[in-house]
Amino acid sequence: MSKRAVVLIVDDEVSNIEILSAALEEQHEICFATSGREALEVARSISPDLVLLDVMMPDMDGYEVCRRIKADPLLADIPVIFTTALGDQEAEVRGLEIGAIDYVTKPISPVIVQARVRNHLEMKQMRDQLAALAVTDALTGLGNRRKMETILNQEVMRLARTEANLSVLILDIDFFKRFNDSYGHTAGDRCIAMVGAALARAVRRAADLAVRYGGEEFACLLPETSHDEAMEVASNIRERVRALGIPHSQSEAAPHVTVSVGVATATCFNGADPMSWIKAADEQLYIAKKAGRNGVAG
Ligand code: GH3
Ligand code: MG
Ligand code: MG
Ligand code: MG
């Protein structure tokens with residue numbers, strides 16, 4: 001593991017924390033809490049990679065802490081390992097049912113704690129990598145359509161609460177079939193990757209999202225962006241792609257690869273299907289295509 005993982009140790013008995021820390025501090029960053037409430041506070045503020053959780057604690061027991069961790073979308077993926085008294089089968093089963101990934105028994109065996117923690121951190125890292133891959137486009141490294149749809153749903157929900165503008169851009173490379181036909185599919189793939197990189201450079205606010213939506217189509221989601229601002233972003237993207245200067249002798253729009261962009265802005269939540277915003281941007285894209293391509297409509 002390249003970066004040292006952060007392990008949160010929760011136990012109301014300081015001697016237990018000392019034993020667990022001693023077993024783990026060589027390999028991992030350690031933080032600790034001595035009560036259930038403190039554990040939740042620390043978990044929320046530092047997002048540890050793994051939690052070692054005592055069951056019996058006076059203010060809030062480990063089960064309740066685990067339940068709250070699993071109920072919080074920001075914490076739910078953190079593996080929780082209970083530390084229970086040896087032979088306490090009922091406690092182990094209950095902990096696993098609540099969502100703990102494993103348990104270690106007291107009295108603590110340092111080598112067993114080390115091995116279990118290491119295994120679970122490795123599995124967590126693999127799960128995170130898989131989750132990231134599931135929303136990433138392999139050719140461009142941008143997000144994919146699944147990512148777009150997930151974030152769009154979240155943003156439309158937020159729109160219902162905040163009534164801030166939400167703009168959607170759909171981009172499509174012009175005359176791309178002809179590009180493939182004249183330069184080959186491999187050059188076509190390279191072209192898509194370059195357009196994706198230009199798009200990523202143009203869409204830089206932390207809240208903005210740029211994805212490869214399909215073959216030679218891209219989409220952007222621009223939260224809290226007015227229609228005028230979105231039109232400006234769209235023009236900037238269009239210009240950046242043209243300025244890449246990728247030759248395209250068969251294009252009727254320009255001697256270079258160009259994109260057309262459709263823009264739609266939601267100003268309030270009207271209960272419509274989130275995908276209707278994509279559809280609205282797609283209709284504008286069609287208008288930009290009709291108008292001669294290498295242009296923006298919205
Ligand atoms: P328009 O200006 O109207 O958008 O014309 P177009 O030729 O770009 O549109 P059309 O949808 O007819 O063709 C898109 C082409 O994109 C067809 C398909 O072979 C190509 N394409 C889709 N995905 C990929 C890909 O991953 N790599 C490559 N090289 N080509 C792709
Ligand atoms: Mg205890
Ligand atoms: Mg297309
Ligand atoms: Mg096209």
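Basic side chains Lys and Arg get +1 at the Cβ, acidic Asp and Glu get -1 at the Cβ, and with that the dipole of the stretch 189-272 about its Cα centre reaches some 280 debye.
Ordering 16, 198, 185 by the projection of their Cα atoms onto the charge dipole of the chain, which places +1 on the Cβ of Lys and Arg and -1 on the Cβ of Asp and Glu, puts 185 at the extreme positive end.
Put in order of Cβ neighbour count within 10 Å, fewest first, the listed residues 290, 124 become 290, 124. A simple charge model with +1 on the Cβ of Lys and Arg, -1 on the Cβ of Asp and Glu and nothing else charged puts the dipole of the stretch 71-159 at about 240 debye relative to its Cα centre. Legend: helices of the chain (whole DSSP H runs) are marked when their alpha-carbon atoms reach 24 angstrom or more along the helix axis and their mean Kyte-Doolittle hydropathy is at least 0.0; marked are 185-202. About its Cα centre, the chain has a charge dipole of approximately 1480 debye under the convention of +1 per Lys or Arg Cβ and -1 per Asp or Glu Cβ, with nothing else charged.
Using a simple spin-label model with pseudo-atoms 7 Å out from Cα toward Cβ, residue 153 and residue 134 lie 1.2 nm apart.
Potential lengthening of the chain between residue 61 and residue 181 amounts to 36.6 nm, from the contour at 0.36 nm per residue minus the alpha-carbon distance. Taking every C-alpha pair closer than 8 Å and separated by at least 6 residues, the mean separation divided by the residue count of the stretch 177-292 gives a relative contact order of 19 percent. Normalised by the number of residues in the chain, the average gap of Cα pairs under 8 Å and 6 or more apart makes the relative contact order 14 percent.
Label point of residue 72 set 7 angstrom out along Cα-Cβ; within the stretch 44-60, amide nitrogens under 16 Å from it belong to 44-54, 60. Put simply, the chain fits an ellipsoid with semi-axes of 51, 22, 14 Å; these come from the alpha carbon gyration tensor as the roots of five times its eigenvalues, largest first.
Subtracting the Cα-Cα distance of residue 163 and residue 243 from 0.36 nm times their residue separation leaves 25.2 nm of extension gain. Ordering 282, 59, 174 by the number of other Cβ atoms within 10 Å of each residue's own Cβ, fewest first, gives 59, 282, 174. Neighbour counts of C-beta atoms inside 10 Å place 259, 55, 211 in the sequence 55, 211, 259, starting with the fewest. When both bridge partners sit in the chain, DSSP labels roughly 50% of those beta bridges antiparallel.
Bear in mind that the values in this text are calculations on the coordinates, not laboratory data. As the structure is a prediction and not an experimental result, all values here were calculated from the model. Reconstructed Cβ throughout: ideal geometry from the backbone, glycine too, with neighbour counts over all protein chains shown.
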